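These notes concern the structure reproduced below.
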Ligand code: ADP
């Protein structure tokens, strides 16, 4: 960069000092870059819960004072978002302290149908220009073994992407179905899609399809790698099918919660 010192010839001491100075400068610049990236990530991750809370508080302000049902629903939705933000902030703090975030897997009995429905409602609220269509094949609640906030994080990553990479047709289909011992949630968009080659790479850290195309959309190429790692930790999986310029479908599966797991955790 411009402030670097040109290394003079023939004077050992000055050459040494110049090198030290330039190394310091490089380190500082790297540090500043990392801090900038960190602030960008935090802001990005916090945007969804803040938007959801804003929506609920507006509802509350307009109708909630006279309608106990809205009051109840908006308050509990806002409290849940605060809980999510607390997890996010903790993870961001961990990230700022260490190179690698340690994920704290927590097996709890989580109602996946309720959480899918709740995120479907949240996204409808924060993206009124989109059509969200929910295809719910279940006739009762189904429980999976995953920390509730982690399941929400995965859904938000996928729903955020579906919105972000849909330009023309603003439609997102969400489906939930059970098969044998697993539950499958699929999120389909009719957006940019990607090539077969890219579908094999997008779950890697920092990978972004066609940098020029996706740069202006924000993001860091981490979302899907986080979703994949989280799912792996809960014995689940994620896959994608995509056609360039036609859209993508992301599928996640999670094993259905077994009652015995509860006893195992209680005993240990
Ligand atoms: P980010 O969106 O922050 O770049 P992700 O890890 O979530 O990071 O996604 C990695 C890349 O995969 C994105 O940059 C984008 O190119 C591609 N991608 C993800 N989801 C979709 C989607 N629904 N449609 C098209 N491309 C997608």
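The values are calculated or read from the model by the stated rules, or taken from the named source; none is laboratory data. Note that the structure is a prediction, hence the values are computed from the model and not measured. Neighbour counts run over all protein chains shown; Cβ positions are idealised from the backbone, glycine included.
Structure values in brief
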quantity: Residue among 26, 41, 6 that alone is modelled with pLDDT under 85, over 23 Å from residue 174 (Cβ atoms) and outside any helix (DSSP H, G or I); calculated: 6
quantity: Candidates 151, 134, 138, filtered to the one that is touching a strand residue (DSSP E or B) at 6+ places or on another chain (Cβ under 9 Å) and in a loop (DSSP other than H, G, I, E, B); calculated: 138
quantity: Test: residue in segment 170-192 that is out of contact with any helix residue (DSSP H, G or I) (no Cβ under 8 Å at 6 or more places or on another chain), within 13 Å of the ligand (Cβ to nearest atom), closer than 24 Å to residue 120 by Cβ and assigned to a helix (DSSP H, G or I); calculated: no
quantity: Residue list for segment 230-242, filter: over 16 Å from residue 161 (Cβ atoms) and either within 9 Å of the ligand (Cβ to nearest atom) or surrounded by fewer than 20 Cβ atoms within 10 Å (Cβ to Cβ) (or both); calculated: 232, 233, 235, 237
quantity: Unique residue being closer than 22 Å to residue 152 by Cβ and modelled with pLDDT of 95 or more when the list is 202, 176; calculated: 176
quantity: Near pairs, Cβ below 8 angstrom, 6+ apart or cross-chain, from segment 41-60 (within 16 Å of the ligand (Cβ to nearest atom)) to any residue that is not in a helix (DSSP H, G or I); calculated: 41/220; 41/222; 44/218; 44/219; 44/220
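For (1) at pLDDT below 95; (2) under 17 Å from the mean Cα position of the chain (by Cα); (3) over 21 Å from residue 134 (Cα atoms), each residue gets a yes or a no:
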site: 157; (1), (2), (3): yes, yes, no
site: 164; (1), (2), (3): yes, yes, no
site: 167; (1), (2), (3): yes, no, no
site: 185; (1), (2), (3): no, yes, no
site: 217; (1), (2), (3): yes, yes, yes
site: 240; (1), (2), (3): no, yes, no
site: 252; (1), (2), (3): no, yes, no
site: 258; (1), (2), (3): yes, no, yes
